[in-house]
Amino acid sequence: MNWAQEIWPPYPRPARRTLPVINWPNNARVAFWVAPNIEFYELHPPANPVRPAWPRPLPDILNTSWRDYGNRVGVWRCLDLFDQYDIVGSVSLNSAMCGHLPEVVGAFRDRNWELFSHGIYNTQYLYGLSPDQEFEVLRQSCEEIERFCGKKVRGFLSPALTYNESTFATLARLGLRYTLDLFHEDVPLPLKDGYNGMVSVPYQVELNDFHALVAQGMAGELYLQRFKDHFDRLYREGERSGTVVGLPLHPYVIGMPQYIWVLEGILAHVRSHRDVWVTSAAEIADYYATNVLKQAHSGADHA
Amino acid sequence: MPEAAMNHPRGLDHDRFPFRTIREQTNFQLPASGRVALNLIVVLQRFHIDAKPAFPFPGMIDRPYPDVGNATQREVGLRSGFWRICELIDDLNIPTTFVVERDALPLLKGEDILREARHEIVAGGQHAALLHTSAMTEDGERRIIRECRDALTDALSRPVIGWRSPSCAQSSSTLDFLADEGFVYCGDFNNDDRPYALTTRGVNRLIAMPMNHFSSDLHGIVTMKQPTQLYYDAVKKGTRWILGRKNQAPVILPLVIHPWISGVPHRIDHLRNLLKEMLAFDGLTTSNSRELAECFKPAV
């Protein structure tokens, strides 16, 4: 079996520069969207057969309490900046947050942020679930979020980036419209036939604050420069065909005093450019499916 | 399989403390109407060359026994690194919190700075690699806590009311034992910039004080391998950012440093410059953790 085809289902790799031309609204060159990961980490999570939730014996208060910093302190600093720079994006949400800490989720709902599913708990991974179990977990996650915000969940990012071979089929079975787990391109991509018309929306892993500041250990100043370099390049490429800059954030990282100023630098940089569409993942997915793919299929120009 | 959705209980999944956001009022005010209190926290660790930790921890001696190189390099923190930090503290007149491990005491004889009333002494456990875990016996863990407190009290002739575990590691019962032994506050939690009450045996008997490992030199410079200048610059910019947000609640900025990291010749002047610049910030005060714990009045 060709697992690559089965597990990673984007549309077959195109020849260079044959992707459909993207014309974002108002001739924007870049669609910019922010994805705060709003997560609940359990002190005593259930065991997972593939990966332990915490590196230390339980209770791992060092690491659990750090995650809690995000919900208690970091996220509120981020919200101050989102308000100041008029940013409304999409929340990557562990649905259990709706029950445990509704005040945090409510702050985003009340500002009209999109809420998409990021599983139930960030300490409960998809690894090892059967396709039916996986369907049930994601169905419950979506249902809990829909109950909280009164809107249909449109997209998904896997909790702690954990997957099974069945995961993308499960998303299609749930009727989700977009996935964030495919890191192929800096533009949206259609998934191949059989995945319910889902599209992939860029969630750029090297811009992820956790990836840059923790996994790679970058200093804040260098992370800010990485963002600017990334954004500036895609802004230039966006003159030819629209691009996407997706910014994954974790308030327990970016909300710490030594990094919060970096977020202000990032948002100020974005706002200093004129041709930017500040939007959500769902808006990008919808616009792409409706205005780009359908026109491409009906014979519009290719770059 | 997870529990059914919509049945997730409100609040956190333990009863040690309730959830509270930085936007909520709390009974914590800084002296002299300061908005950010710098708490300089100096951790004095003892690394025994033959000690085996229960699990890997940041800064541990990690090469095969006998790891003479790492062991002696860590001991810089009780000698020249410590002396440079002390000189800096005296020059800039910064009230400081010293976290002292019991087994560091024999190497700190005659260090009178630890007896000065303007500084605070926090019990740091027995030694760097003796990590508290739930595999410890109750008697064993109680004895470590009690003996550390008593040794510091005797050696420095002063009461010790604060605790910070080696590498912030606790068993399921550490908080209960700390409260039983009469400790007032604990610096093991990394989840807030303000004090809050911890529940032990059903009542609020301890205060959680911010001593965040993840903004320490150990995390930033050793674990994350950030260049010294960039790490300290980030702390400075973050402090300035918080001071610039006028509507924010007063917070503590814990700066946790380890003299074997920040006290070495190529870093000490960066630390000096950072502290000098921060001390000039409008709205920034300096306090040790005892004074800051006294600024918090938890509900009983």
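When the residues of segment A:95-154 are narrowed to those that are acidic (Asp, Glu) and outside any loop (DSSP other than H, G, I, E, B), which ends up farthest from A:PHE40 (Cα to Cα)? Outline the logic, then answer.
Restricting attention to segment A:95-154, the residues satisfying the condition of being acidic (Asp, Glu) are A:103, A:110, A:114, A:132, A:134, A:136, A:143-144, A:146.
With the extra rule that they be outside any loop (DSSP other than H, G, I, E, B), the set shrinks to A:103, A:114, A:132, A:134, A:136, A:143-144, A:146.
Working: A:GLU103: 13, A:GLU114: 18, A:ASP132: 24, A:GLU134: 19, A:GLU136: 19, A:GLU143: 17, A:GLU144: 14, A:GLU146: 18 Å.
Out of the qualifying residues, it is A:ASP132.
Of all residues being closer than 20 Å to A:ASN122 by Cβ and more than 14 Å from chain B (Cβ to nearest Cβ) in segment A:138-159, which is nearest to the chain's Cα centre (by Cα)? Just the residue, please.
So the residue we want is A:LEU157.
Look through segment A:112-129, keep the residues that are more than 10 Å from chain B (Cβ to nearest Cβ) and over 18 Å from the mean Cα position of the chain (by Cα), and return whichever of them is farthest from B:PHE17 (Cα to Cα).
Here is the first cut: in segment A:112-129, the ones more than 10 Å from chain B (Cβ to nearest Cβ) are A:112-118, A:122, A:125-128.
When the remaining residues are screened for being over 18 Å from the mean Cα position of the chain (by Cα), the result is A:127-128.
Numbers: A:TYR127: 31, A:GLY128: 33 Å.
That would be A:GLY128.
Scan segment A:264-303 for residues that are touching an Asp or Glu at 6+ places or on another chain (Cβ under 8 Å) and either of a type in the set (A, V, I, L, M) or under 27 Å from A:ALA15 (Cβ atoms) (or both) and report the count.
Selection size over segment A:264-303: 3.
Against the conditions (1) more than 30 Å from B:HIS48 (Cα to Cα); (2) within 15 Å of the chain's Cα centre (by Cα); (3) of a type in the set (S, T, N, Q), where does B:ASN247 fall short? Just the number, please.
Just one mismatch for B:ASN247, condition (2).
Would you mind telling me which numbered condition in (1) touching a Leu at 6+ places or on another chain (Cβ under 8 Å); (2) within 12 Å of another protein chain (Cβ to nearest Cβ); (3) surrounded by fewer than 23 Cβ atoms within 10 Å (Cβ to Cβ) A:ASP132 fails?
(1)
I'd like to know if segment A:213-230 contains one or more residues that are in contact (Cβ under 8 Å) with a residue 40 or more places away in the chain, away from chain B (no Cβ under 14 Å), more than 17 Å from the chain's Cα centre (by Cα) and surrounded by fewer than 17 Cβ atoms within 10 Å (Cβ to Cβ).
yes
Can you tell me how many residues in segment B:133-173 are within 11 Å of another protein chain (Cβ to nearest Cβ) and more than 16 Å from the chain's Cα centre (by Cα)?
Residues flagged as within 11 Å of another protein chain (Cβ to nearest Cβ) and more than 16 Å from the chain's Cα centre (by Cα) within segment B:133-173 amount to 7.
State yes or no: is A:GLY255 in contact with a Cys (Cβ under 8 Å, 6 or more places away or on another chain), closer than 22 Å to B:LEU230 by Cβ and open to solvent by less than 30 Å² (accessible area, probe 1.4 Å)? Reasoning before the result, please.
Numbers: in contact with a Cys (Cβ under 8 Å, 6 or more places away or on another chain): yes; closer than 22 Å to B:LEU230 by Cβ: yes; open to solvent by less than 30 Å² (accessible area, probe 1.4 Å): yes.
Judged against the criteria, A:GLY255 is a match.
Being over 23 Å from the mean Cα position of the chain (by Cα) and surrounded by 14 or more Cβ atoms within 10 Å (Cβ to Cβ) is the filter here; which residues of segment A:22-51 pass it? Before the answer, list the steps.
Residues of segment A:22-51 that are over 23 Å from the mean Cα position of the chain (by Cα), as a first pass: A:26-27, A:43-50.
A:LEU43, A:HIS44, A:PRO45, A:ASN48 - these are the residues of segment A:22-51 that are over 23 Å from the mean Cα position of the chain (by Cα) and surrounded by 14 or more Cβ atoms within 10 Å (Cβ to Cβ).
The values are calculated or read from the model by the stated rules, or taken from the named source; none is laboratory data. This is a predicted model, so every value here is computed, not measured. Please note: Cβ atoms are built from the backbone with ideal geometry, for glycine as well, and neighbour counts cover all protein chains shown. Remember, those area values only see protein heavy atoms, side chains included, never the ligands or the DNA or RNA. Shrake-Rupley method; radii C 1.70, N 1.55, O 1.52, S 1.80 Å.
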